[in-house]
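For reference, the structure is listed below as structure tokens.
What follows draws every value from the coordinates through simple rules; no lab data is involved. Just so it is clear, the model here is predicted, and its values are computed rather than measured. Cβ atoms come from the backbone with ideal geometry, glycine included; neighbour counts cover every protein chain shown.
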Amino acid sequence: MASTNDPFQFQEFEEAGNLLEANRDATTISIEDDDMPERQRNAAGFSPDVNDEDPHASDDKTELLSGQKKSAPFWTFEYYQRFFDIETHHVKERIIGSMLPWPGKNFIHVHLRRKPDLYGPFWICTTLVFALAISGNFSNFLLHLGKPDHKYSPQFGKVTIAATAIFSYAWFVPLALWGCLLWRNNKIMNLVSYSFMEIVCVYGYSLAIYIPAVVLWIIPFEWLRWCSIVVALCLSGSVLVMTFWPAVREDHPKVIAAIMSAIVLLNVLLAVGCKAYFFSKPEAAPSPAPSAALELTKAPSAT
Amino acid sequence: MADEANRQFAGLSDVSISEDIPVEGDISVPMGSSSSNRQRGEEDEFSTLDEPVKETILRDLRAVGSKFIHVLYPKRSSVLLRDWDLWGPLLLCVTLALLLQGGAADSEDQGGPQFAEVFVIVWFGSIIITLNSKLLGGTISFFQSLCVLGYCIMPLTAAMAVCRIVLVGGSGTVSFIVRLVVVTASFGWSTFASTAFLADNQPPGRKSLVVYPVFLFYFVIGWMVLTFSPSQ
């Protein structure tokens, strides 16, 4: 009961109804049932555990616990700032996690935790574009180091082609995969679903392993190039496969096989295509003009 | 008559103008900030419209020159940030693009960078780096960042001029090594100078996230400078 004798003494306010006896005009809000279940749950020993093994439950809880996420419309600056809310050590962890696949550790669940970022994918793709162009150029230069008649030319047109190839792989393949998963989700009730940004994030980080591989390709030994391609393909392919396995495992086996093989195949295509286009084999001449010139000079001398 | 007049403005009479709010004053043009560059002290001018053109141009040139000196000796000062201008970056970009012309591959279609390509790389790259640092929560403004990134290209432009002079002497291994050393030194200088200005405005824990794109940007420009080969 509210005692008005000593205002500084701690008073127990039990029910709003009791207060109304003192002042009937006061507005009171009664919060009835909301905190009762909470107290009962806590009393029963049930504690929300975010490090649950079950990924679905932890996802639900993190959404509840993170509170209201205000979503700004996509044409404002604040919408994109949400995807750059990341620290240096997060980026490092994500890059290392994408290079070292661990069976059972899903990249999206372990590293992204519902906070995909755009910083990593964008700068990894940009670095890869320039690494490809520079390494390709440098390997051509090393190839023709001894020959005096070869005129060295830095081929800047290749930067544009590399950029188009890599950025379209990093954006259109996730778009297609997301659409495909959405379509399958409508047919089969799947508990695990990934948002578009998360898929873009996985694909962006999975390209990180190719940067050291591309730098290794400068060394003009074919066996070394093929070794590094195979290693990079295995690592990035397995990261992708292990990430998307939970999203498709409840599906029809043929659909699973089709989606997984499409993921792996596109990865292989990108790697081998880049190697073939930017890095020529040590025996053959890279560009048509000097080789044509060499053949023209050789033909008259042979006859 | 008075009644009609009163009725016309009946609404206005309800508006009470408090006596504390002064409704008088005078409109005057504020005095222009006295800059130390002003030579004619006796002419107290309100605006810069009446000064001779030479004065205007010289003031801008002096501002640009002082910023060049601040890039040469980068210390944590706010001159570049406070009075940003884009004249210096434009001048440097045009100089760099002109020096990169006349290369071996101008006649071929696959060759050295065209004038427009250098421009696109420098300005587009600066804009992307600025957007990146703003998205990461930096407090620097858009044009201030463009100004800093543009001015810090100066060591690389100087390296390009040195490379062209070295290439006049010959393009063997010795000249390549000299060029490599010069370009590496100036690339390091550019990156260091720009991070001295830019990194302070970032929240801690994200500094290397902001520095890395700057590093990549100057690396690409340094590669363009290094791989320039003259036509024979």
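Please list, in order, the residues from segment A:223-245 whose amide nitrogen is less than 19 Å from a point placed 7 Å along the Cα→Cβ vector of A:L100. In segment A:223-245, the label zone of A:L100 (backbone N under 19 Å from the point 7 Å along Cα→Cβ) covers A:231-243. For the pair A:F138 and A:T88, a Förster radius of 25 Å applied to the C-beta separation gives a FRET efficiency near 0.30, rounded to the nearest 0.05. Taken as Cα centroids, segment A:70-103 and segment A:203-260 sit 21 Å apart, rounded to the nearest whole angstrom.
Can you pull out the chymotrypsin sites (Phe, Trp or Tyr not before Pro) in segment A:175-275 whose DSSP state is coil and whose Cβ has at most 15 other Cβ atoms within 10 Å? Walk me through the numbers before you get to the answer.
Working: sites: A:W178, A:W183, A:Y194, A:F196, A:Y203, A:Y205, A:Y210, A:W217, A:F221, A:W223, A:W226, A:F244; in loops: A:Y194, A:W217, A:F221.
Passing sites in segment A:175-275 are A:F221.
In peptide A:83-93, what is the residue-averaged number of other protein chain Cβ atoms found within 10 Å of each Cβ?
4
Packing order of peptides B:211-217, A:164-170, B:49-55, highest average first: B:211-217, A:164-170, B:49-55 (average count of other Cβ atoms within 10 Å over each peptide's residues). With a Förster radius of 56 Å applied to the beta-carbon distance between B:S47 and A:V264, the computed FRET efficiency rounds to 0.20. The amide H of A:F156, built 1.01 Å from its N in the peptide plane, has B:G111 as neighbours under 5 Å, considering only residues 5 or more places off or on other chains. Listed from fewest to most Cβ neighbours within 10 Å, the set A:F141, A:F8 follows the order A:F8, A:F141.
Which FRET efficiency, nearest 0.05, do B:Q101 and A:V272 yield, Cβ-Cβ r, R0 45 Å? Walk me through the numbers on the way to the answer.
Values: r = 37 Å, r/R0 = 0.81.
Calculated transfer efficiency: 0.80.
Sequentially through segment A:118-135, phi angles give Karplus couplings (6.51, -1.76, 1.60; θ = phi - 60°) of 9, 5, x, x, 5, 6, 5, 4, 5, 4, 5, 4, 6, 5, 4, 5, 5, 5 Hz, Gly and Pro residues having no value and appearing as x.
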